[in-house]
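One structure below.
The values are calculated or read from the model by the stated rules, or taken from the named source; none is laboratory data. What you see is a predicted model, and the numbers here were worked out from it, not measured in a lab. A quick note on method: Cβ atoms are made from the backbone with ideal geometry, for glycine too, and the neighbour counts reach across all protein chains shown. Accessible surface areas use protein heavy atoms only, side chains included; no ligands, DNA or RNA. Shrake-Rupley method; radii C 1.70, N 1.55, O 1.52, S 1.80 Å.
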Amino acid sequence: MKKLKYTVAATMMAAALPASAQQLSIATGGTGGVYYPIGGGFAEMINNHIDGAQATAEVTGASVENMGLIMRGDADLALVLADTAYQAYTGTGDFDGRQIENTRALASVYPNAVQLVTLAESDIQSIADLAGKRVSVGAPGSGTELNARALLEANGVNYEDFTPQRLNFNETADAIRDGDIDAGFWSVGPPTSSILNLAATRDIRLIGLSDEEIANAQEVEAVFAPYELAAGMYDGMDEAVQTIGIPNVLVVNADMDEELAYQLTQLLFENTDELIAVHPAANDTTIEFTMSSTPVPLHPGALRYFEEVGAEIPDRLRP
C-alpha cells in the first residue's frame, strides 16, 4: 500500500509539549515478538524528534494487559490487537463488565498473523489434531490467547480437549524445541524472531487453516481476515500457509493531551521509514491501513492530523 500524499506541508513538532507529557511509557509485549521492537523503535523516534519528550518501551504480557495499563494510566501508549481494543471499548468478550470507554486510537500499525507451529516430525496436521496434545496458547493476558481461543472454539476445539500452556513467545519456542510441548500459537507480525530462531535449530511446520475454518473464525471475530504466510518466510517453509490476520492498533487514553496525540501521529506517519528499519512489519504502517482497519474511535489529536493530510475518515472513527 502506498502512503497517502500529504496535502499540507509537514511542520514537525512545532508546538511545545505539556510538562506532563515529558515521560512516556509504551506498553508492548514480550521480547520475542514484534510489539517490543516496534514499541522500542517508536520510543527512539519520540526521543529523537519530539523536544522535551522521553519515551520507554515496556515489556508486558501484551494486548489484554496493555489495555488495563492504559485504563489505569500506567502506560501512555500501548500496542494491542484490534479484537482486544474493540472488546475493551465495547465491554464485550474478555472485557464483559469492565468496559474501557476511554479507549482511543492513534493508528493501526500492521496486521498480525495467527501462526500455529509444531515440529516437522509431529503428527499434527490441523487444529483438530491438537486434541490430547500439549499446546501453548500464549502468555497470560495476551492477544495471542484471545485469538487462539476464538479460533479454536469457533471450530469446535476447547481447552478441555488438550493441555493448554500459557507461555510467552520465547518460552513457546524453547518448549517446542525441547519437546516439552507439541505445538504453540503466535499472534504476531511475521516473520517473528522467536520462530525464526526455532526454525534455525529444528525442522518446523506451520499448520494451515481451511477456508471453512477461517469462515468459522470470522463469524466469531469480525476483525479476522484471511492472511497468507509466504513461502520461505521461515527455514524449511517451502509452501505458503493460509491463516488469519488481525490488525494491531496503537491506543491511548482519551485523556491524552491533544497536541501530544497530534505530534505522535504526525511522527509515526511522516517518519515511517525509521520504523521500517527496525522491523519490516512497519511496511504496513500507512494512513490507508489505519482508515480501513482501526476498530475504535481516533483520538482528537490524531483526527486533526488525518484531516490536515486530507485522509478520508470513516464516521466510525470519530468519537
- For Asn155, what charge total do you get from the other residues with a beta carbon under 9 Å from its beta carbon, if Lys and Arg give +1 and Asp and Glu give -1? -3
- Calculate, axis by axis, the spread of Cα positions in segment 111-244 along the three principal axes, and write the results as whole Å, longest axis first. 37, 30, 27
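By the scheme Lys and Arg +1, Asp and Glu -1, what is the net charge of all other residues having a beta-carbon under 12 Å from that of Ala55?
Combined, the nearby Lys, Arg, Asp and Glu give -3.
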- Query: Most mobile of Thr31, Thr201, Thr265 per a Gaussian network model of the chain (Cα springs, under 10 Å)?
  - Reply: Thr201
- Message: Quick check for me: using +1 on Lys/Arg Cβ and -1 on Asp/Glu Cβ, what's the dipole size of the chain about its Cα centre, in debye to the nearest 20?
- Response: 500 debye
- Query: Once phi is turned into ³J(HN,Hα) by the Karplus curve 6.51 cos²θ - 1.76 cosθ + 1.60 with θ = phi - 60°, what whole-Hz value does each residue of segment 242-254 show in order, with x for glycine and proline?
  - Reply: 8, 8, 10, x, 9, x, 10, 10, 8, 10, 9, 7, 4
- Query: Cα axis of helix 169-178 to longest principal axis of the chain: angle in degrees, 0 to 90, nearest 10?
  - Reply: 20 degrees
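Where both residues lie in the chain, what percent of DSSP beta bridges are antiparallel, nearest 5? All intermediate terms of the calculation are to be shown ahead of the outcome.
Details: 27 of 40 bridges.
Rounded to the nearest five, the antiparallel share is 70 percent.
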- Whose amide H sits under 5 Å from the amide H of Gln115, counting only residues 5 or more places off or on another chain, with H placed in the peptide plane? Trp186, Ser187, Val188
- Message: Accessible area per residue for segment 111-244 in Å², computed with a 1.4 Å probe and the full protein assembly in place, what is it?
- Response: 41 Å²
- Message: If the elastic network links every pair of Cα atoms under 10 Å, which of Asn168, Asn147, Asn48 fluctuates the most in the Gaussian network model of the chain?
- Response: Asn48
- Message: Given a 1.4 angstrom probe, I'd like the percentage of the accessible area of the chain that is carbon and sulfur, rounded to a whole number.
- Response: 45 percent
- Report, in debye and to the nearest 20, how large the dipole of segment 111-244 comes out about its Cα centre when Lys and Arg carry +1 and Asp and Glu carry -1 on their Cβ. 380 debye
- Message: Compute a Gaussian network model of the chain, connecting alpha carbons closer than 10 Å, and tell me which residue from Glu213, Glu121, Glu153 fluctuates the most.
- Response: Glu121
- Taking only Cα atoms, what is the 0 to 90° angle, nearest 10, from helix 35-49's long axis to the longest principal axis of the chain? 20 degrees
- Dipole of the chain, positive direction: furthest Cα of Val59, Ser194, Gly156, with charges on the beta-carbon: Val59
- For Tyr110, residues with placed amide H under 5 Å, excluding near neighbours: Asn248
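State the dimensionless ratio Rg/Rh of the chain (Rg: radius of gyration of Cα atoms; Rh: Kirkwood radius).
On the way: Rg = 19.3 Å, Rh = 19.8 Å.
Rg divided by Rh gives 0.97.
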- Query: Can you list residues whose amide H is under 5 Å from Leu167's amide H, if they're 5+ apart or on another chain and H is modeled 1.01 Å from N?
  - Reply: Val137, Gly138, Ala139
- Task: Note the angle between two axes, namely the Cα long axis of helix 143-154 and the longest principal axis of the Cα atoms of the chain, as a number of degrees from 0 to 90, rounded to the nearest 10.
- Result: 50 degrees
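If you take every residue apart from Gly91 with its C-beta less than 12 Å away from the C-beta of Gly91, what net charge results, scoring Lys and Arg +1 and Asp and Glu -1? All intermediate terms of the calculation are to be shown ahead of the outcome.
Working: positive: Arg98; negative: Asp94, Asp96, Glu101.
Net charge in that neighbourhood comes out at -2.
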- Hey, what do the phi angles of segment 80-87 turn into as Karplus ³J(HN,Hα) couplings, whole Hz, using 6.51/-1.76/1.60 and θ = phi - 60°, x for Gly and Pro? 9, 6, 4, 5, 5, 4, 5, 4
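Could you work out the relative contact order of segment 54-110? I mean the mean sequence separation of Cα pairs under 8 Å and 6+ apart, divided by the number of residues, in percent.
Numbers: 52 pairs, mean separation 13.3, N = 57.
Worked out over segment 54-110, it gives 23 percent.
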